[in-house]
Amino acid sequence: MTNKLSFNMERGWQELLKKEFNLEYFLELKSFLETEKELESESKTKIFPFEKNIFNAFNYTPLKKVKVVIIGQDPYHSYEDIDGEIIPHAHGLCFSVPKEAKKIPPSLKNIYKELKNDLGYDIPAHGNLTDWAKQGILMLNATLTVRAHNAGSHQKKGWETFTNTAIKKLSESQTNLVFLLWGKFAQQKQELIDSNKHLVLKAAHPSPFSAYNGFFGCKHFSTTNEYLKKQGLQQIDWEIK
């Protein structure tokens with residue numbers, strides 16, 4: 001079994017970020033991930049999301065289709081065993097879980113509550129946000145991989161440098177995007193964004209520990225659509241079916 005990683009990324013993003021793949025930090029990151037993959041093959045740990053899903057944020061939302069950016073911190077490190085099949089909660093989109101997952105994470109439950117309060121949509125029975133990504137919402141975690149049951153285990157290995165570059169280059173290359181920065185961690189990314197070209201909306205994190213400190217009532221969903229409409233762009237259908 002080979003432990004070499006193969007990253008597949010949408011062509012527009014690949015062109016934008018092609019220099020990163022040959023820089024020392026990324027080669028070190030790749031080496032680290034291949035070592036982690038070796039441990040996984042020896043059944044000593046599990047790495048999430050699965051390799052094919054690591055770049056889902058970029059692949060579901062091609063560069064030219066980006067309208068909105070939501071920034072998360074770390075992939076979910078938990079998983080469910082459903083009928084003998086491992087279903088990681090992480091599948092490459094921040095805040096989102098696969099449709100098969102039976103548990104909706106607490107922060108996502110609060111996102112749904114604010115969505116209902118803002119736009120009146122019923123709270124869905126699943127936690128999959130792929131439809132948002134396909135409409136042009138880049139759902140990007142700062143770190144793209146994690147060890148099972150070990151939060152933050154792949155932080156400071158190079159992913160943050162890569163995703164910071166993606167945010168900065170996206171800001172430079174596009175206009176009239178909406179950046180939703182929920183919580184202090186995401187708000188630190190504001191320095192990467194040209195707020196003269198883009199709309200930056202900030203609120204507390206949707207976590208149960210902070211949602212009542214300014215996430216609930218932020219109306220980011222309707223505000224985003226008002227901005228997109230003003231720019232002559234198609235609005236987001238936020239309803240999760």
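The values are calculated or read from the model by the stated rules, or taken from the named source; none is laboratory data. Keep in mind that what you see is a predicted model, and the values were worked out from it rather than measured. Because the Cβ atoms are built from the backbone with ideal geometry, glycine has one as well, and the counts that use them run over all protein chains shown. Quick note on the areas: whole protein, heavy atoms, side chains included, nothing else; ligands and nucleic acids left out. Shrake-Rupley method; radii C 1.70, N 1.55, O 1.52, S 1.80 Å.
Data table
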quantity: Of all residues making up region 100-127, the number that are under 17 Å from the mean Cα position of the chain (by Cα) and either β-branched (V, I, T) or at pLDDT below 95 (or both); calculated: 2
quantity: 3 or more residues under 20 Å from L180 (Cα atoms): qualifying strands (runs of 3 or more DSSP E) within region 47-130; calculated: 68-72
quantity: Scan of region 32-49 for residues that are modelled with pLDDT under 95 and either under 15 Å from the mean Cα position of the chain (by Cα) or farther than 27 Å from I70 by Cα (or both), ordered by number; calculated: E34, T35, E36, K37, E38, L39, E40, S41, E42, S43, K44, T45
quantity: Count of residues meeting criterion [under 28 Å from H77 (Cβ atoms) and open to solvent by 60 Å² or more (accessible area, probe 1.4 Å)] in region 191-204; calculated: 2
quantity: Close pairs from region 185-213: first within 17 Å of T223 (Cβ to Cβ), partner open to solvent by 30 Å² or more (accessible area, probe 1.4 Å) and hydroxyl-bearing (S, T, Y), Cβ under 9 Å, at least 6 apart; calculated: H198/T175; L199/T223; L199/Y227; L201/T223; L201/Y227; A204/Y212
quantity: Extreme residue, nearest to the chain's Cα centre (by Cα), among residues of region 205-221 that are surrounded by 14 or more Cβ atoms within 10 Å (Cβ to Cβ) and among the hydroxyl-bearing types (S, T, Y); calculated: S207
quantity: Residue satisfying all of: in region 149-185; of a type in the set (A, V, I, L, M, F, W, C) and open to solvent by 20 Å² or more (accessible area, probe 1.4 Å); modelled with the highest pLDDT among these; calculated: F185
quantity: Lone unmet requirement of (1) surrounded by fewer than 21 Cβ atoms within 10 Å (Cβ to Cβ); (2) assigned to a loop (DSSP other than H, G, I, E, B); (3) within 13 Å of the chain's Cα centre (by Cα) for L144; calculated: (1)
quantity: Search result, residues across region 85-107 that are touching a residue at least 40 places away in the same chain (Cβ under 8 Å), among the hydrophobic types (A, V, I, L, M, F, W, C) and surrounded by 23 or more Cβ atoms within 10 Å (Cβ to Cβ); calculated: A90, L93, C94
quantity: Unmet criterion (only one of (1) under 28 Å from A166 (Cβ atoms); (2) out of contact with any His (no Cβ under 8 Å at 6 or more places or on another chain); (3) hydrophobic (A, V, I, L, M, F, W, C)) for L119; calculated: (1)
quantity: Filter result (out of contact with any Pro (no Cβ under 7 Å at 6 or more places or on another chain) and open to solvent by less than 20 Å² (accessible area, probe 1.4 Å)) within region 66-84; calculated: V66, V68, V69, I70, I71, G72, E80
quantity: Members of region 190-213 that are more than 24 Å from Q235 (Cα to Cα) and not acidic (D, E); calculated: L192, S207, P208, F209, S210, A211, Y212, N213
quantity: Residue in region 43-65 that is surrounded by 14 or more Cβ atoms within 10 Å (Cβ to Cβ), without any contact (Cβ under 8 Å) to a residue 60 or more places away in the chain and basic (K, R) present; calculated: no
